[in-house]
1. Condition first: without any contact (Cβ under 8 Å) to a residue 24 or more places away in the chain and surrounded by fewer than 18 Cβ atoms within 10 Å (Cβ to Cβ). Now tell me which residues in segment 82-97 satisfy that.
2. Restricting to segment 110-139, and then to whatever is without any contact (Cβ under 8 Å) to a residue 60 or more places away in the chain and among the polar types (S, T, N, Q), can you tell me which residue is surrounded by the most Cβ atoms within 10 Å (Cβ to Cβ)?
3. Among the residues that make up segment 3-13, is at least one of them open to solvent by 80 Å² or more (accessible area, probe 1.4 Å), in contact with a Gly (Cβ under 6 Å, 6 or more places away or on another chain), in a loop (DSSP other than H, G, I, E, B) and farther than 16 Å from residue 99 by Cα?
4. Which members of segment 18-57 meet the condition of being under 17 Å from residue 81 (Cα atoms), assigned to a loop (DSSP other than H, G, I, E, B) and modelled with pLDDT of 95 or more?
Amino acid sequence: MTPIGYIHSAYQQPSEIPKGLGAEHPAMGILEILPQFKKGLKDIDGFSHLFVIWIFHQAKGFDLTAIPPSDNKPHGVFATRSPQRPNPIGLTVVELLSRDGLRLHVRGIDMVDGTPVLDIKPYLSSIPPEKLNRGWLAAAEAAQRKSAKKK
Ligand SMILES: C[S@@+](CC[C@H](N)C(=O)[O-])C[C@H]1O[C@@H](n2cnc3c(N)ncnc32)[C@H](O)[C@@H]1O
């Protein structure tokens, strides 16, 4: 696989990106697609949200368990969004704000500047919210709500 483009982001270092429970990603950025893939952008403008598939190119090695910033217990890497995974592939849903030729202006950036993009697909979900289970995250979120109430 080779990149179809690169991310322009205000984040220069992974540590600058908000993480943990309740972290939001309102940051705007640009997906700049390489000229040879321009034809592939035809009709993308009609979609409000996109899946961006990208490479954690600054990740070093992998671990099959991870302690996410949203919890204090280890979980299997495939039950987390850790960058240290056997195939360092990231998946982010962004809002498409506008297109200017090869540049897609988006909101929802959680990658550093220069991150290689492998693919883009329209975001479509047919799963009703009440059918979605949040796994270990639901317990971590409930614990956080409980401790916030105590304060
Ligand atoms: C928890 S991951 C989630 C990324 C994506 N939404 C996903 O689910 O695959 C986001 C973190 O990856 C790190 N990160 C961002 N860009 C990176 C890159 N190009 N290489 C390595 N780590 C990166 C940052 O620390 C950021 O907070």
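The values are calculated or read from the model by the stated rules, or taken from the named source; none is laboratory data. These numbers come from a predicted model, not from an experiment. A quick note on method: Cβ atoms are made from the backbone with ideal geometry, for glycine too, and the neighbour counts reach across all protein chains shown. Note: areas computed on protein heavy atoms with side chains; ligands, DNA, RNA excluded. Shrake-Rupley method; radii C 1.70, N 1.55, O 1.52, S 1.80 Å.
1. 87
2. My answer is 125.
3. Looking through segment 3-13, none of the residues is open to solvent by 80 Å² or more (accessible area, probe 1.4 Å), in contact with a Gly (Cβ under 6 Å, 6 or more places away or on another chain), in a loop (DSSP other than H, G, I, E, B) and farther than 16 Å from residue 99 by Cα.
4. 56, 57, listed by residue number.
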